[in-house]
Amino acid sequence: MRICIPTQTKEGKSAQVYEHFGSAPYFTVYDTDKNTAEIIDNANQHHSHGMCHPMSALAGKKIDVVVTGGMGGRAVQKLNEGGIKVYRAVPGTVEHLIAQFLKGGLPELTAANACAEHGCH
């Protein structure tokens, strides 16, 4: 399974989770089968509200799950339509977050409980 997590730095499993998906400086794509982390720069991190296109940076990466502190309802809906589930992150490192996810300890994020504006945490 390939899990995409917005992160503050390029530190792989040691990186801190970033609060909001679209404006994250980086995406860490963690592969649970290979126990590896791939770091991707988010060239679209500075954008107007509702105008982000972070999945373009992830094109071709075969993401199964996104885990994030916040994401707008439209983005959640688009990911769900593409077969990608979204879960709400807990603060901490990628490694901590992956452990929580694998234990089933993270709530699913839906269009109904997604962020409105960028003030969501």
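The values are calculated or read from the model by the stated rules, or taken from the named source; none is laboratory data. As the structure is a prediction and not an experimental result, all values here were calculated from the model. Don't worry about glycine lacking a Cβ; one is built from the backbone with ideal geometry, like all the others, and counts go over all protein chains shown.
Among the conditions (1) buried (at least 18 other Cβ atoms within 10 Å of the Cβ); (2) at pLDDT 90 or above, the only one that Pro25 does not satisfy is (1).
Scanning region 75-109 for residues that are assigned to a helix (DSSP H, G or I) and in contact (Cβ under 8 Å) with a residue 40 or more places away in the chain yields Ala75, Val94, Glu95, Leu97, Ile98, Phe101, Leu102.
When region 1-17 is filtered for residues that are closer than 19 Å to Ile84 by Cα and part of a loop (DSSP other than H, G, I, E, B), only Met1 remains.
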